[in-house]
Amino acid sequence: MAAAAWGRRLPRAWLRRSAGPGRGRHYRAALCVEPKQPLAVEEVGPRPVRPHEVRVDVHFCGVNFADILVCRGQYQEKPQLPFTPGMEFSGIVLETGADVSTVKEGDRVIGVSGFNGMAEECIIDQKTLWQIPEGVSLREAATLPVSYGTALLALEHRACTQPGETVLVTAAAGATGLAVIDVATNILQAKVIAAVGSDEKCQLVMQKGAQSVVNYSQGGLKEAVRKLVGSVGVNVVIDTVGGDVFLEALRSLAWEGRIVVVGFAGGTIASVPANLLLLKNVSAMGLYWSRYKEQNFPIFSRTLSSALQYCQQGRIQPHIGAVFKLEKVNDAFLHVIQRKSTGKVLISLK
């Protein structure tokens, strides 16, 4: 999908809502009607909630690169057209099904919706909703599921990061990268080397808690890391870039180091030279965050509950890079594609 296509302006579909608390009304949603084409913003009709489901009045929805990939037809999951993107959201419960016991009308919640969150209302299974504690805003809460869920699973569950270890994170000024810095520094007491691509981003990641920074637009990542830590290397790498950056990060690992593959934002999937794993007894592993929802829900749920708790306690500080109205959803996608923003990009539904 050409980036320019996401910048084309679409006519706004004006909302015509009936009076009442939220049942039986039409609402606006972003719709992917055809892959690789701009999204449409249209009114859609409601459906009844099933016994285990909850209707949520969505206030904010996160924009993730996975949303862009699924709208290109390039994601692992391929929803039936037309569909509404949006994997994570925050909002207020409007209605509950007969068998729902975990939340009630009026509760503030975050949800992990697969792909249907970028709409003014979302119907979702009760088990994929988490109550937002007092002191955490709906706006802050919407940043937590994907970025902080990924950071916690990557650092704690996959890499088993220990206090005092050195963590190298690539694309460190992105939403996931900043979450990794936040969790590694403030929750796990690890030391962070942040790899970014501009001087402006260097300043941001240092402000967010990184102990050292590497600008890989100015030279090789491996040599820059070596200047910081010597030949010992780093204990953990969290990589969201792939390609040559992944290979240089792999070569920067210490004895029994661990590298976690989170994504391929650079567009290239590297092949792992097995001899590099052998020489230093290092481990290369993957993290497909949303798969835990089906394969190990207790761990998935625990990470989101932890993220909400850490946010309430002030131990983590989510960074919001930009907020767009729903009718500007294509501008939001373009913003992410062109890497104009640092931190999380949100869609505001209010």
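The values are calculated or read from the model by the stated rules, or taken from the named source; none is laboratory data. Being a predicted model, the structure only gives us computed values, none of them experimental. Neighbour counts are summed over all protein chains in view; Cβ atoms, including those assigned to glycine, are modelled from backbone coordinates with ideal geometry. Please note that ligands, DNA and RNA were not included when accessible areas were found on the heavy atoms of the full protein model with its side chains. Shrake-Rupley method; radii C 1.70, N 1.55, O 1.52, S 1.80 Å.
Applying the selection to the stretch 21-77, what residues are among the polar types (S, T, N, Q) and open to solvent by less than 20 Å² (accessible area, probe 1.4 Å)? So that I can check it myself, show each step before the final result.
So the first thing to find is which residues in the stretch 21-77 are among the polar types (S, T, N, Q), and the list is 37, 64, 74, 76.
If the condition is that a residue be among the polar types (S, T, N, Q) and open to solvent by less than 20 Å² (accessible area, probe 1.4 Å), then N64 is the only one that fits.
Matching residues to (1) farther than 21 Å from S252 by Cβ; (2) modelled with pLDDT of 95 or more:
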residue	(1), (2)
A151	no, yes
V169	no, yes
T176	no, yes
V180	no, yes
I187	yes, yes
V192	no, yes
D199	yes, no
V205	no, yes
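I want to confirm something. Restricting to the stretch 183-193 and keeping residues that are in a helix (DSSP H, G or I) and open to solvent by 10 Å² or more (accessible area, probe 1.4 Å), which single residue is farthest from G243 (Cα to Cα)?
So in the stretch 183-193, the residues in a helix (DSSP H, G or I) come out as 183-186.
With the extra rule that they be open to solvent by 10 Å² or more (accessible area, probe 1.4 Å), the set shrinks to 185-186.
Working: T185: 26, N186: 29 Å.
If we take residues in the stretch 183-193 being in a helix (DSSP H, G or I) and open to solvent by 10 Å² or more (accessible area, probe 1.4 Å), then N186 is farthest from G243 (Cα to Cα).
Restricting to the stretch 307-325, what's the tally of residues that are out of contact with any strand residue (DSSP E or B) (no Cβ under 9 Å at 6 or more places or on another chain) and either open to solvent by 30 Å² or more (accessible area, probe 1.4 Å) or of a type in the set (D, E, K, R) (or both)?
Adding up the residues that qualify gives 7.
For the stretch 81-90, does any single residue satisfy the condition of being open to solvent by less than 20 Å² (accessible area, probe 1.4 Å) and at positive phi?
Yes, some residue in the stretch 81-90 is open to solvent by less than 20 Å² (accessible area, probe 1.4 Å) and at positive phi.
Select from the stretch 225-274 the residues that are charged (D, E, K, R) and under 23 Å from W289 (Cβ atoms) and write down the one among them that is farthest from the chain's Cα centre (by Cα).
Kept after step one, since they are charged (D, E, K, R), are these residues of the stretch 225-274: 226-227, 239, 244, 248, 251, 256, 258.
Those still in the list that are under 23 Å from W289 (Cβ atoms) too: 239, 258.
On the way: D239: 14, R258: 21 Å.
Looking at residues that are charged (D, E, K, R) and under 23 Å from W289 (Cβ atoms), I get R258.
Out of the residues in the stretch 262-280 that are within 14 Å of G177 (Cβ to Cβ) and aliphatic (A, V, I, L, M), state the one that is modelled with the highest pLDDT.
Among them, the one singled out is V262.
Looking for whichever is in contact with a strand residue (DSSP E or B) (Cβ under 8 Å, 6 or more places away or on another chain) and buried (at least 23 other Cβ atoms within 10 Å of the Cβ) here; the options are V229, V260. Which one fits?
Values: V229 fails: buried (at least 23 other Cβ atoms within 10 Å of the Cβ).
Answer to the check: V260.
Residues checked against (1) open to solvent by less than 10 Å² (accessible area, probe 1.4 Å); (2) within 23 Å of V245 (Cβ to Cβ):
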position: P79; (1), (2): no, no
position: G114; (1), (2): no, no
position: M118; (1), (2): yes, no
position: Q126; (1), (2): no, no
position: I132; (1), (2): no, no
position: E140; (1), (2): no, no
position: A151; (1), (2): yes, yes
position: L155; (1), (2): yes, yes
position: T176; (1), (2): no, yes
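Do we find a residue being surrounded by 17 or more Cβ atoms within 10 Å (Cβ to Cβ), under 22 Å from V336 (Cβ atoms), out of contact with any Lys or Arg (no Cβ under 6 Å at 6 or more places or on another chain) and among the β-branched types (V, I, T) anywhere in the stretch 217-226?
no
Given the condition in a strand (DSSP E or B) and farther than 19 Å from W289 by Cα, answer yes or no: does some residue in the stretch 195-208 qualify? Before you say what the answer is, go through the steps one by one.
So in the stretch 195-208, the residues in a strand (DSSP E or B) come out as 195-196.
Now drop any that are not farther than 19 Å from W289 by Cα, which leaves 195-196.
Taking every residue of the stretch 195-208 in turn, at least one turns out to be in a strand (DSSP E or B) and farther than 19 Å from W289 by Cα.
(1) free of Cβ contacts under 8 Å to residues at least 60 places away in the same chain; (2) over 20 Å from V183 (Cβ atoms); (3) in contact with a helix residue (DSSP H, G or I) (Cβ under 6 Å, 6 or more places away or on another chain): which one isn't true of S252, the others all being true?
Going through the list (1) free of Cβ contacts under 8 Å to residues at least 60 places away in the same chain; (2) over 20 Å from V183 (Cβ atoms); (3) in contact with a helix residue (DSSP H, G or I) (Cβ under 6 Å, 6 or more places away or on another chain), S252 breaks only (1).
Looking at R302, R291, can you tell me which residue is closer than 21 Å to E134 by Cβ, without any contact (Cβ under 8 Å) to a residue 12 or more places away in the chain and charged (D, E, K, R)?
Values: R291 fails: closer than 21 Å to E134 by Cβ.
Exactly one of R302, R291 is closer than 21 Å to E134 by Cβ, without any contact (Cβ under 8 Å) to a residue 12 or more places away in the chain and charged (D, E, K, R), namely R302.
Can you pull out every residue in the stretch 319-348 that is among the basic types (K, R), closer than 19 Å to Q207 by Cα and modelled with pLDDT under 95?
If we filter the stretch 319-348 for residues that are among the basic types (K, R), which is where we start, we get 325, 328, 339-340, 344.
From what's left, closer than 19 Å to Q207 by Cα: 340, 344.
Scanning the stretch 319-348 gives a single hit, K340.
Any residue in the stretch 85-101 that is under 10 Å from V56 (Cβ atoms) sitting within a Cβ distance under 7 Å of a residue that is part of a loop (DSSP other than H, G, I, E, B) and open to solvent by less than 10 Å² (accessible area, probe 1.4 Å)? List the pairs, counting only those 6 or more apart or interchain.
Pairs found: F89/G117; F89/A142; S90/A142; L94/G22; E95/G22.
Assess whether D239 counts as being open to solvent by less than 20 Å² (accessible area, probe 1.4 Å) and either among the charged types (D, E, K, R) or at pLDDT below 95 (or both).
Numbers: open to solvent by less than 20 Å² (accessible area, probe 1.4 Å): yes; either among the charged types (D, E, K, R) or at pLDDT below 95 (or both): yes.
For D239, the condition - open to solvent by less than 20 Å² (accessible area, probe 1.4 Å) and either among the charged types (D, E, K, R) or at pLDDT below 95 (or both) - is met.
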